[in-house]
Amino acid sequence: MTGEPRRSVIRYCLRSTTTGRDGAAAIDFYRRAFGAEELGDRFTGPNAELIHAEIRIGDSVVMITEDAADGPVRSPERLGGMVSCVMSLYWENVDAAWQRAVGAGAEVIYPLDDQFYGERGGRLRDPFGQQWMMSQHIEDVSPEEMSRRAAALFGM
């Protein structure tokens, strides 16, 4: 690897997620775990099912919908725990954010730790099966140093 040092950039993007059976409970969890703010009114169906809601975490918007047996999307619950994307959140203080999320009920998949590429991060699973990477930039790592560290870590 050559070129400029790799710099972690906070990326703000729009993502969509399904929540399983209870969208209202998911919104409440995201509020407690990540400090989410609900945007606008919820759109619900004739049986009070959540069809669409939006929350903001930092300056990223996440759209929430409930899983429906006849709908075009499937929640991790209906996919045997599998996910097709992992949500990534960057924090100024990832340790505090991590403790807040775990305290709210998130399950640790990969523990929070310093990573060879210059970030402190880990992965959580929320009570609805969605996975969340939580990270903080801790150092700039040159491509050469990252290659050296990766080789040491992976035995290459």
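The values are calculated or read from the model by the stated rules, or taken from the named source; none is laboratory data. Because the structure is a prediction, the values reported are computed rather than measured. Don't worry about glycine lacking a Cβ; one is built from the backbone with ideal geometry, like all the others, and counts go over all protein chains shown.
Could you tell me whether region 75-85 includes any residue that is within 23 Å of Gly20 (Cβ to Cβ), of a type in the set (Asp, Glu) and under 15 Å from the mean Cα position of the chain (by Cα)? Checking region 75-85: not a single residue is within 23 Å of Gly20 (Cβ to Cβ), of a type in the set (Asp, Glu) and under 15 Å from the mean Cα position of the chain (by Cα).
On inspection, Ala68 passes the criterion of being at pLDDT below 80, out of contact with any Leu (no Cβ under 8 Å at 6 or more places or on another chain), in a loop (DSSP other than H, G, I, E, B) and more than 18 Å from Ser135 (Cα to Cα).
For Glu139, all conditions in the list (1) surrounded by 15 or more Cβ atoms within 10 Å (Cβ to Cβ); (2) acidic (Asp, Glu); (3) farther than 21 Å from Gly35 by Cβ hold save one; what is the number of the exception? Going through the list (1) surrounded by 15 or more Cβ atoms within 10 Å (Cβ to Cβ); (2) acidic (Asp, Glu); (3) farther than 21 Å from Gly35 by Cβ, Glu139 breaks only (1).
The single condition among (1) surrounded by 15 or more Cβ atoms within 10 Å (Cβ to Cβ); (2) touching a residue at least 60 places away in the same chain (Cβ under 8 Å); (3) closer than 19 Å to Asp22 by Cα that Arg100 does not satisfy is (3). Looking only at residues in region 80-94 that are more than 17 Å from Tyr30 (Cα to Cα) and at pLDDT 85 or above, which one is surrounded by the fewest Cβ atoms within 10 Å (Cβ to Cβ)? In this case the residue turns out to be Gly80.
Checking Arg149, Arg125 one by one, the residue that is surrounded by fewer than 19 Cβ atoms within 10 Å (Cβ to Cβ) and touching a strand residue (DSSP E or B) at 6+ places or on another chain (Cβ under 7 Å) is Arg125 and no other.
The lone criterion from (1) at pLDDT 90 or above; (2) among the small types (Gly, Ala, Ser); (3) touching a Gly at 6+ places or on another chain (Cβ under 6 Å) left unmet by Ser75 is number (1). Within the bounds of region 38-61, is there any residue that is in a loop (DSSP other than H, G, I, E, B), modelled with pLDDT under 80 and under 18 Å from the mean Cα position of the chain (by Cα)? Looking for residues that are in a loop (DSSP other than H, G, I, E, B), modelled with pLDDT under 80 and under 18 Å from the mean Cα position of the chain (by Cα), one finds none in region 38-61, hence no.
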